[in-house]
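Peer 1: Just passing along the structure, written as structure tokens.
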Amino acid sequence: MTEQQLIKKAQRGATDCFSQLVASYQLRLYSYLLARCAHYQEADDVLQETFIKAYQYLNSYNPKWQFSTWLFTIARRTIAKYQTQNQQHQTINDEDWISNQNPYEIDRENIWQLIKKQLKPKSCDVLWFFYVEQYSIKEISQIMKQSESWVKTNLHRSKIKLSNNSALELMLEAH
Amino acid sequence: MKDKLEQTLKQNAEAIKAQAQTRLQQTDFSQSIEQRLKQQTNKPRVWWYGMAAAVSLTVISWLVFQQQKQTTEPVIPVEMVSQPPVLLNLQQIPITIEHKVNQPLIQEQQAIFTDLKRLKAQLLSI
């Protein structure tokens, strides 16, 4: 069954067809979420929430666009919402909240860890979608809900900012 | 530098992907997602509640209207018949005025109820 057929069946309420879509996209989404989130718990929650939302709003999906770009759009919004909610929670009891989280095991020397600290979330997203997902500028602009020139400028500025970063320079030399 | 940056970005993303793969093998998210979706589909749809509320509102309004209609209809009391015609006319003035004022309101109310009934019929036919 093709992706479009699966989507159409899922739109009519076939949860098993939607599960097939989940299986096809969960690795890509989860990798992106691991690069963007601070803890496993956060990435796990956002992944599940993203798919639940996708199912709820499946009828609003436009087949003109790739299904993956639509999923990434939902994931981006879900992360933003989740992080805002948890920031509020974190300020109430910072230490307790951190100690309850699963320790993040991604290599501290992973460049995406550094990018997360150095750049704004939107810029991290643009870099991920461009270099890892290899989306076109047009597709990224659609996910980010921004103009194509905004995406180009953002990409350019991020690269300059990273090139001027001494920590990154050391990291690149080590590689 | 930029080439090296691009290369490192891709290589490090691969490391994250490998970690994601391992984690997905350990935790079966698709099962918990499917379970949550099934729970959601089993829940009655919100629009059913909306329709039920619309129907009950229509019925209540109709009952209230029926009650009001009975109380607002001008009725000439029986004892007035035995009274002289001039006095009868004078006593009838407030009733006639009330009737003239109320009549357009009643007609408007009836029109609203007809619309509501039509809407209810349309809703039920969906």
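Peer 1: Is there any pair linking a residue in region A:61-88 that is open to solvent by less than 30 Å² (accessible area, probe 1.4 Å) to one that is basic (Lys, Arg) and in a helix (DSSP H, G or I), with Cβ under 7 Å and at least six apart or on different chains, and which?
Peer 2: Going by the 7 Å Cβ cut-off, the qualifying pairs are A:68/A:28; A:74/A:53; A:78/A:53; A:79/A:36.
Peer 1: In this structure, does residue A:97 turn out to be outside any helix (DSSP H, G or I), aromatic (Phe, Trp, Tyr) and at pLDDT below 90?
Peer 2: The answer is no for residue A:97.
Peer 1: Just to verify a result, which residue in region A:107-116, among those that are out of contact with any helix residue (DSSP H, G or I) (no Cβ under 6 Å at 6 or more places or on another chain) and either in a loop (DSSP other than H, G, I, E, B) or modelled with pLDDT of 95 or more (or both), is surrounded by the fewest Cβ atoms within 10 Å (Cβ to Cβ)?
Peer 2: A:108
Peer 1: If you don't mind, there's one more thing I want to ask. Working only within region A:1-25, note down all residues that are of a type outside the set (A, V, I, L, M, F, W, C), open to solvent by 30 Å² or more (accessible area, probe 1.4 Å) and touching a helix residue (DSSP H, G or I) at 6+ places or on another chain (Cβ under 9 Å). Full working, then the answer.
Peer 2: In the first step, residues of region A:1-25 are kept if they are of a type outside the set (A, V, I, L, M, F, W, C); the result is A:2-5, A:8-9, A:11-13, A:15-16, A:19-20, A:24-25.
Subset that is open to solvent by 30 Å² or more (accessible area, probe 1.4 Å): A:2-5, A:8-9, A:11-13, A:16, A:20, A:24.
Selection gives A:3, A:4, A:5, A:8, A:9, A:11, A:13, A:16, A:20, A:24.
Peer 1: Here's a follow-up. At least 3 residues that are among the hydroxyl-bearing types (Ser, Thr, Tyr) and either at pLDDT 95 or above or more than 14 Å from the chain's Cα centre (by Cα) (or both) in each: list the helices (runs of 4 or more DSSP H) lying fully within region A:117-175 that qualify.
Peer 2: So the answer is A:148-163.
Peer 1: Consider residue A:65 carefully, then state whether it is assigned to a helix (DSSP H, G or I) and at pLDDT 85 or above.
Peer 2: no
Peer 1: Also: Do you know which residues across region A:26-60 are open to solvent by 20 Å² or more (accessible area, probe 1.4 Å), in a helix (DSSP H, G or I), touching a residue at least 12 places away in the same chain (Cβ under 8 Å) and more than 8 Å from every other protein chain (Cβ to nearest Cβ)?
Peer 2: Quick first cut of region A:26-60, residues open to solvent by 20 Å² or more (accessible area, probe 1.4 Å) only: A:26-28, A:36, A:38-39, A:41, A:45, A:48-49, A:53, A:55-57, A:59-60.
From what is left, the residues that are in a helix (DSSP H, G or I) are A:26-28, A:36, A:41, A:45, A:48-49, A:53, A:55-56, A:59-60.
When the remaining residues are screened for being touching a residue at least 12 places away in the same chain (Cβ under 8 Å), the result is A:26, A:28, A:36, A:41, A:45, A:49, A:53, A:55, A:59.
Once the filter is applied, which keeps residues that are open to solvent by 20 Å² or more (accessible area, probe 1.4 Å), in a helix (DSSP H, G or I), touching a residue at least 12 places away in the same chain (Cβ under 8 Å) and more than 8 Å from every other protein chain (Cβ to nearest Cβ), region A:26-60 yields A:28, A:36, A:41, A:45, A:49, A:53, A:59.
Yes/no matrix, rows are residues, columns are (1) within 28 Å of the chain's Cα centre (by Cα); (2) open to solvent by less than 100 Å² (accessible area, probe 1.4 Å); (3) modelled with pLDDT of 85 or more:
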site	(1), (2), (3)
B:8	no, yes, yes
B:17	no, yes, yes
B:23	no, yes, yes
B:27	no, yes, no
B:62	yes, no, yes
B:72	no, yes, no
B:84	no, yes, no
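The values are calculated or read from the model by the stated rules, or taken from the named source; none is laboratory data. Here the structure is a predicted model, which is why all the values come from computation and not from measurement. We place every Cβ from the backbone using ideal geometry, glycine too, and count neighbours over all the protein chains shown. Accessible surface is based on the protein model in full, side chains and every heavy atom, while ligands, DNA and RNA are left aside. Shrake-Rupley method; radii C 1.70, N 1.55, O 1.52, S 1.80 Å.
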